[in-house]
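The values are calculated or read from the model by the stated rules, or taken from the named source; none is laboratory data. Note that the structure is predicted; figures quoted are calculated from it, not measured. Because the Cβ atoms are built from the backbone with ideal geometry, glycine has one as well, and the counts that use them run over all protein chains shown.
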């Protein structure tokens with residue numbers, strides 16, 4: 001199969017073109033990370049109708065999307081190889097666009113929970129695993145780096161979609177912005193769907209590549225103590241990061257008292273850190289193993305939490321430093337978790353296994369939303385939300401140190417330089 005062609009190139013070179021395709025798909029899906037830009041105009045629109053909206057309520061569509069996304073991801077992952085990457089992406093992309101489009105007609109939080117949270121979230125859950133599975137199959141020799149580069153688009157999305165959303169909202173209104181995004185995402189994802197596919201079963205990147213034997217790794221994920229350690233670590237890491245994403249714009253305005261433009265710009269800046277966290281931690285996980293990469297991430301969360309507990313009005317440097325670390329750590333977990341799943345468990349079952357591990361993302365999203373919303377509603381400030389993130393980061397370090405390890409001795413992958 002060494003003469004296989006991709007995009008008119010030998011497969012060993014052509015496979016790299018799957019990365020930009022995956023990045024663009026993830027840019028569309030990652031618009032969810034720009035939710036903090038939508039919150040204020042949505043709240044103002046609903047308040048004009050006489051509704052009283054609390055902080056927790058404005059986070060519910062966002063949290064619902066992430067939970068549905070996390071639930072659908074493992075279900076959809078079971079069908080990616082059965083029906084093919086192209087068909088699954090096309091179906092999911094259509095659902096994503098439909099969810100955004102229908103959100104333009106929602107005139108209450110419950111309706112937004114259904115259209116944006118449930119429908120758009122379902123579409124994201126269907127599509128998200130496809131580019132990851134495709135690149136993981138085409139890059140068995142560089143799985144951490146390839147997966148990290150693929151998901152970089154999800155993290156970088158607010159760099160583009162946050163200012164774009166603000167411009168569209170200011171120009172056309174919140175409803176038309178949802179419609180524009182819905183139509184655009186459907187068209188882009190359908191176009192990408194036509195190009196995605198898996199390599200033949202016997203394809204290898206080079207004749208010198210030696211695959212790790214899968215027999216030394218556990219097949220039954222749920223019977224493995226390492227699974228529960230990885231799941232817990234993933235949930236803790238995403239809780240802090242997703243909480244930061246949901247409240248970044250509001251913290252900038254309410255605690256630091258930034259003006260609207262700088263607060264919006266901050267979200268785009270944080271997106272850069274979220275995006276680069278994926279390839280950095282993908283590369284790091286390949287070299288120092290998931291346990292040490294997790295400890296590095298939790299140390300960043302702990303530092304950021306302590307800084308924010310001591311940050312108030314006008315302390316812009318503290319705000320940017322802490323939230324950059326939180327967004328960077330979240331990006332890191334979107335590379336640590338899939339790479340750990342590949343290295344710790346049978347890679348032949350990767351799509352199914354990572355789908356199960358990914359449910360931790362949904363648990364982290366729900367918990368992070370409740371922590372942030374409750375802190376605001378009960379104490380009147382988001383500052384107290386950083387007390388539980390500090391405590392949980394310490395717990396994460398302990399779990400990673402003593403429990404995050406393969407159940408069986410793994411044989412390392414050997415490659416030649418390319």
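Is it the case that the range 24-34 has a residue that's surrounded by fewer than 24 Cβ atoms within 10 Å (Cβ to Cβ), closer than 20 Å to residue 152 by Cα and either out of contact with any helix residue (DSSP H, G or I) (no Cβ under 9 Å at 6 or more places or on another chain) or in contact (Cβ under 8 Å) with a residue 12 or more places away in the chain (or both)?
At the first step, the residues of the range 24-34 found to be surrounded by fewer than 24 Cβ atoms within 10 Å (Cβ to Cβ) are 24, 27.
Cutting the leftovers down to closer than 20 Å to residue 152 by Cα gives us 24, 27.
The next check asks that each one be either out of contact with any helix residue (DSSP H, G or I) (no Cβ under 9 Å at 6 or more places or on another chain) or in contact (Cβ under 8 Å) with a residue 12 or more places away in the chain (or both); those that pass are 24, 27.
Yes: one or more hits.
Do the conditions hold for residue 50, that is, is it in a loop (DSSP other than H, G, I, E, B) and without any contact (Cβ under 8 Å) to a residue 40 or more places away in the chain?
Values: in a loop (DSSP other than H, G, I, E, B): yes; without any contact (Cβ under 8 Å) to a residue 40 or more places away in the chain: yes.
Here the answer is yes, as residue 50 does meet what is asked.
Could you grab the pairs with beta carbons closer than 6 Å, sequence gap of 6+ or different chains, first residue in the range 177-203 and in contact (Cβ under 8 Å) with a residue 40 or more places away in the chain and at positive phi, second one assigned to a helix (DSSP H, G or I) and surrounded by fewer than 23 Cβ atoms within 10 Å (Cβ to Cβ)?
Matching pairs, first to second residue: none at all.
Quick one: residue 150 ticks every box in (1) over 19 Å from the mean Cα position of the chain (by Cα); (2) closer than 17 Å to residue 17 by Cα; (3) buried (at least 20 other Cβ atoms within 10 Å of the Cβ) bar one, so which box is it?
Going through (1) over 19 Å from the mean Cα position of the chain (by Cα); (2) closer than 17 Å to residue 17 by Cα; (3) buried (at least 20 other Cβ atoms within 10 Å of the Cβ) one by one, residue 150 breaks only (1).
Can you say whether residue 84 is touching a residue at least 12 places away in the same chain (Cβ under 8 Å), surrounded by fewer than 23 Cβ atoms within 10 Å (Cβ to Cβ) and on the phi > 0 side of the Ramachandran plot, as far as the supplied structure shows? Give the steps one after another, and end with the answer.
On the way: touching a residue at least 12 places away in the same chain (Cβ under 8 Å): yes; surrounded by fewer than 23 Cβ atoms within 10 Å (Cβ to Cβ): yes; on the phi > 0 side of the Ramachandran plot: yes.
Taking the combined requirement at face value, the residue satisfies it.
Each row is one residue, and each column tells you yes or no for (1) surrounded by fewer than 20 Cβ atoms within 10 Å (Cβ to Cβ); (2) modelled with pLDDT of 90 or more.
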residue: 194; (1), (2): yes, yes
residue: 197; (1), (2): yes, yes
residue: 202; (1), (2): yes, no
residue: 207; (1), (2): yes, no
residue: 212; (1), (2): yes, no
residue: 217; (1), (2): no, no
residue: 224; (1), (2): yes, no
residue: 228; (1), (2): yes, yes
residue: 233; (1), (2): no, yes
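Only one of 334, 370, 366 is in contact with a helix residue (DSSP H, G or I) (Cβ under 8 Å, 6 or more places away or on another chain), surrounded by fewer than 20 Cβ atoms within 10 Å (Cβ to Cβ), modelled with pLDDT under 90 and closer than 21 Å to residue 155 by Cα; which? It would help to see each step written out before you state the result.
Numbers: 334 fails: surrounded by fewer than 20 Cβ atoms within 10 Å (Cβ to Cβ); 370 fails: closer than 21 Å to residue 155 by Cα.
Among 334, 370, 366, only 366 is in contact with a helix residue (DSSP H, G or I) (Cβ under 8 Å, 6 or more places away or on another chain), surrounded by fewer than 20 Cβ atoms within 10 Å (Cβ to Cβ), modelled with pLDDT under 90 and closer than 21 Å to residue 155 by Cα.
Please name all residue pairs, on different chains or six or more residues apart, with Cβ atoms under 7 Å, provided the first residue is in the range 100-121 and is at positive phi and the second residue is surrounded by fewer than 20 Cβ atoms within 10 Å (Cβ to Cβ).
As it stands, the answer is none, since no pair meets every condition given.
With assigned to a helix (DSSP H, G or I) and within 28 Å of residue 377 (Cβ to Cβ) as the only criterion, which of 311, 238, 299 stands out?
On the way: 311 fails: assigned to a helix (DSSP H, G or I); 299 fails: within 28 Å of residue 377 (Cβ to Cβ).
After ruling out the rest, the residue left standing is 238.
Within the range 301-314, how many residues turn out to be out of contact with any helix residue (DSSP H, G or I) (no Cβ under 7 Å at 6 or more places or on another chain) and modelled with pLDDT of 95 or more? Outline the logic, then answer.
Narrowing the range 301-314 to residues out of contact with any helix residue (DSSP H, G or I) (no Cβ under 7 Å at 6 or more places or on another chain): 310, 312-314.
Next, only the ones that are modelled with pLDDT of 95 or more stay: 310.
Matching residues across the range 301-314 total 1.
Yes/no matrix, rows are residues, columns are (1) in contact with a strand residue (DSSP E or B) (Cβ under 9 Å, 6 or more places away or on another chain); (2) touching a residue at least 40 places away in the same chain (Cβ under 8 Å); (3) under 30 Å from residue 136 (Cβ atoms); (4) crowded, with 24+ Cβ neighbours inside 10 Å:
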{"position": "259", "(1), (2), (3), (4)": "no, no, no, no"}
{"position": "274", "(1), (2), (3), (4)": "no, yes, yes, yes"}
{"position": "277", "(1), (2), (3), (4)": "no, yes, yes, yes"}
{"position": "285", "(1), (2), (3), (4)": "no, yes, yes, yes"}
{"position": "295", "(1), (2), (3), (4)": "no, yes, yes, no"}
{"position": "301", "(1), (2), (3), (4)": "no, yes, yes, yes"}
{"position": "315", "(1), (2), (3), (4)": "no, yes, no, no"}
{"position": "327", "(1), (2), (3), (4)": "no, yes, yes, yes"}
{"position": "330", "(1), (2), (3), (4)": "no, yes, yes, yes"}
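In the list 70, 63, which residue meets the criterion of being crowded, with 18+ Cβ neighbours inside 10 Å, under 26 Å from residue 18 (Cβ atoms) and touching a helix residue (DSSP H, G or I) at 6+ places or on another chain (Cβ under 6 Å)? Please lay out each step first, then the result.
Values: 63 fails: under 26 Å from residue 18 (Cβ atoms).
Result of the check over 70, 63: 70.
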